[in-house]
Structures are given as structure tokens and as C-alpha cells.
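Report on one structure; see the data block that follows.
We did not get these values from a lab; they are worked out from the coordinates using the rules stated. Since the structure is predicted, the reported quantities are computational estimates derived from the model, not experimental observations. Here Cβ is always computed from backbone atoms with ideal geometry, including for glycine, and neighbour counts include all displayed protein chains.
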Amino acid sequence: MKKLSFIRHAKSDWTSPLLSDHDRRLADRGQKAAVIMKDFFVTANKNFDIVLSSTALRAVETIEIIKPSIIDTEVLYKKDLYTFDDQIMLDFISKINDNISSVLIVGHNPAIQETVLRLAESNQKSNLLTRVEHKYPTAAFCTLTSSIDKWTHSGDTMFKLQEFICPKDL
């Protein structure tokens, strides 16, 4: 059984237009949303075998705020996750070590939203998939599960979308 979770980085600050995209920090609103998600992770007792994060500053700041709620979980920063392309994201997921059952990926849109839509069973009778189709807001979190044993099968298998939580829902 594999559990794949995603959190989109929180809202970034656009006040410095000359700053590179990779170096944009979180806006005040983004910091508040990340704290809301940290509190949700504590309340919901979220745990993962590993956290893999984009190296973009806004993603790093998001997971650094959330990290105290996921004690004893290693966070690795991966340049490959600084992507907006779902195919690159799927390729990355397929290379995750099979000993890892539960992973949280901190990244960017549209890669996250499109990856979730590609992996999720389209015949689910819930509004979760409809909500993801409509919008995947900053700091939103979702979890997908599958009975696969190997991450290389992730692109071949449909996952069940278990939850989709946005800071405004909390």
C-alpha cells in the first residue's frame, strides 16, 4: 500500500518583481496559512515516512513552518521538485524508494493539481475530485492511496483520492 500526499506551497510574496521565481518568500497570508496547516497536521495526527520538498524558497518556508507537526520525519529538498510539469512530477514519483510507503511532496502548481488529476480514479463518487479539478489553492493538502507495492507503477495505477483540505476549510 502506498500513500502519496501533496501540499502546495503557501501564498508567495510578489512585492519584489525583480526577484527570481525560485527565491520568492512567503507572503504574510502564506505564513498564516502554513500555520493553519501545521495545526491541522497536529490535530489529524499526520505522519509520513519522508517529506520531499521543492528547493524554491516559498516551498522550503512552507514545510519549515509545518515540520514541527511531523516529528521524526526526514525532509529532503529536491531541485527536481521545482517543476510546474506533471510529467516531471510523475517521473520523480516513480523513482521513490519502494521501502517508503508514505510520502509528502511539497511543490508547485500546475504540476501538483495535474498529477493528482492524472492519478486519481475518475469514477469516484465524491466531490473531492471536482474540487481539485476546479482549483488547487496555495497551502492545500491532499492524500491519495493505492495498493501498489512499487512506486514505478504509480503512473499505471489509479489512486483513491482520500482527502483534500484547504486552509480556508479549517
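When each of the peptides 78-85, 3-10 is scored by the mean number of other C-beta atoms lying within 10 Å of its residues, the order from highest to lowest reads 3-10, 78-85.
Of all aspartates and glutamates in the structure, the ones whose alpha carbon falls short of 12 Å from that of LYS150, not counting any fewer than 8 places away in one chain, are ASP98. Other residues within the sphere of radius under 13 Å centred on the Cβ of GLU64, judged by their own Cβ, net out at +3 (K and R +1, D and E -1). The Cβ shell under 14 Å around LYS135 holds other residues with a net charge of +1, Lys and Arg each +1, Asp and Glu each -1. For the chain, find the longest principal axis of its Cα atoms and tell me its angle to the long axis of helix 28-43, 0 to 90°, nearest 10. That works out to roughly 40 degrees. Once the Cα atoms are used to define both axes, helix 57-66 deviates from the longest principal axis of the chain by about 70 degrees.
Given the -39500 (n - 2.57) contribution per DSSP H run of 4+ residues, what per-residue ellipticity at 222 nm results for the chain, rounded to the nearest 500 deg cm²/dmol? Taking each H run of at least 4 residues, the total per residue is -9000 deg cm²/dmol.
Here the label points at ILE88 and ARG25, each 7 Å from Cα along the C-beta direction, are separated by 2.5 nm in the simple model.
Cross-link reach is defined here as a Cα-Cα straight distance under 14 Å, omitting same-chain residues fewer than 8 places apart; for LYS11 the aspartates and glutamates meeting it are ASP21, ASP23, ASP28, GLU61. Using only side-chain charges placed at the Cβ, +1 for Lys and Arg and -1 for Asp and Glu, the dipole size of the stretch 2-169 relative to its Cα centre rounds to 400 debye. Shape class for the stretch 29-151: rounded, because the ratio a/c of the largest to smallest gyration tensor axis (alpha-carbon atoms, square roots of eigenvalues) is under 1.5. Can you give the translational diffusion coefficient of the stretch 104-170 in µm²/s, computed by Stokes-Einstein from the Kirkwood radius over Cα pairs at 20 °C and 1.002 mPa s? D, rounded to a whole number, is 173 µm²/s. To check you understand DSSP bridge types, tell me what percent of the beta bridges within the chain (both residues inside) are antiparallel, rounded to 5. Percent antiparallel among DSSP bridges in the chain is about 45. Working from Cα pairs under 8 Å separated by at least six residues, relative contact order for the stretch 9-87 is 34 percent.
Over 21 Å between Cα atoms, which of LYS79/LYS135; LYS2/LYS32; LYS135/LYS168 qualify? Pairs exceeding the cut-off: LYS79/LYS135; LYS2/LYS32. Based on alpha carbons, the Rg and Dmax found for the stretch 1-101 are 14.1, 45 Å. Note on the chain: dipole from Cβ charges, positive end direction compared against ALA120, THR145, HIS134; the farthest Cα belongs to HIS134. Over all other residues within a Cβ to Cβ distance under 12 Å of ALA27, the charged ones net out to +3, with Lys and Arg as +1 and Asp and Glu as -1.
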